[in-house]
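*Asks:* Once you've had a glance at the structure underneath, I'll fire off some questions.
The values are calculated or read from the model by the stated rules, or taken from the named source; none is laboratory data. Note that the structure is a prediction, hence the values are computed from the model and not measured. Neighbour counts are summed over all protein chains in view; Cβ atoms, including those assigned to glycine, are modelled from backbone coordinates with ideal geometry. Areas reflect the complete protein model, heavy atoms only, side chains present, ligands, DNA and RNA absent. Shrake-Rupley method; radii C 1.70, N 1.55, O 1.52, S 1.80 Å.
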Amino acid sequence: MRTKLAACAAAAAFMLATATAMAHHSFAAEFDANKPINLKGVVTKIEWANPHTYFYVDVADAGGKVANWGIEIGSPNALTRLGWTRNTLKVGDTVTVEGSQAKDGALIGNGQVVVLAATGKRLFAGSSRDQTP
């Protein structure tokens, strides 16, 4: 009986791990390291969830036209290990984001550094670009 229970638990753990791994992607699958971005804008939304945290920033171009960029950063666990909390970034904060743009040119970026304008604090964003395969 214990053997069957252990086997079922192992199978369930394997399926969960496989589903999570399949939902995850490498940096190179979606982003282009040769398309650097440096965006300054106001945070409009934050999604603190696995496998990546996303936040959205309204960025004005030279002509004043505002575009909403989606920024992918590390997982909540990785960010916590880097010193982030759910209160580190708030809607309404002005930030500068350094990173890489999506390969397809969409207004999506992989953030490597986030600078909080109010304090000047530079935060490593747990980018998947910086992980070794």
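*Asks:* Can we say LEU89 is on the phi < 0 side of the Ramachandran plot, in a helix (DSSP H, G or I) and of a type outside the set (S, T, N, Q)?
*Replies:* no
*Asks:* Among the listed residues ASP58, ASP104, ASP32, which satisfies the condition of being of a type in the set (D, E, K, R) and without any contact (Cβ under 8 Å) to a residue 12 or more places away in the chain?
*Replies:* Going through ASP58, ASP104, ASP32 in turn, the sole match is ASP104.
*Asks:* What are the residues in the range 36-55 that are open to solvent by less than 60 Å² (accessible area, probe 1.4 Å) and within 15 Å of SER100 (Cα to Cα), if any?
*Replies:* Passing the criteria: ILE37, LEU39, TYR54, PHE55.
*Asks:* I want to confirm something. Restricting to the range 56-69 and keeping residues that are touching an Asp or Glu at 6+ places or on another chain (Cβ under 8 Å) and open to solvent by 60 Å² or more (accessible area, probe 1.4 Å), which single residue is nearest to PHE124 (Cα to Cα)?
*Replies:* ASN68
*Asks:* Can you pull out the residues in the range 16-32 that are at pLDDT 60 or above and surrounded by fewer than 14 Cβ atoms within 10 Å (Cβ to Cβ)?
*Replies:* SER26, ALA28, ALA29
*Asks:* Check GLY92, GLY63, GLY83, GLY74 and return the single one that is touching a helix residue (DSSP H, G or I) at 6+ places or on another chain (Cβ under 8 Å) and of a type outside the set (A, V, I, L, M, F, W, C).
*Replies:* Step by step, each of GLY92, GLY63, GLY83, GLY74 is checked, and only GLY74 is touching a helix residue (DSSP H, G or I) at 6+ places or on another chain (Cβ under 8 Å) and of a type outside the set (A, V, I, L, M, F, W, C).
Yes/no matrix, rows are residues, columns are (1) closer than 16 Å to ILE37 by Cα; (2) open to solvent by 50 Å² or more (accessible area, probe 1.4 Å):
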| position | (1), (2) |
| --- | --- |
| ILE71 | yes, no |
| LEU79 | no, no |
| LYS90 | no, yes |
| GLN101 | yes, no |
| ASN110 | yes, no |
| VAL114 | yes, no |
| GLY120 | no, no |
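*Asks:* Scan (1) over 23 Å from SER26 (Cα atoms); (2) touching a strand residue (DSSP E or B) at 6+ places or on another chain (Cβ under 8 Å); (3) β-branched (Val, Ile, Thr); (4) without any contact (Cβ under 8 Å) to a residue 40 or more places away in the chain for the single condition VAL91 breaks and write down its number.
*Replies:* Every listed condition holds for VAL91 apart from (4).
*Asks:* Let me ask something additional. Out of the residues in the range 36-56 meeting the condition of being modelled with pLDDT of 95 or more and either touching a His at 6+ places or on another chain (Cβ under 6 Å) or of a type in the set (Lys, Arg) (or both), tell me which one is farthest from GLY105 (Cα to Cα).
*Replies:* LYS45
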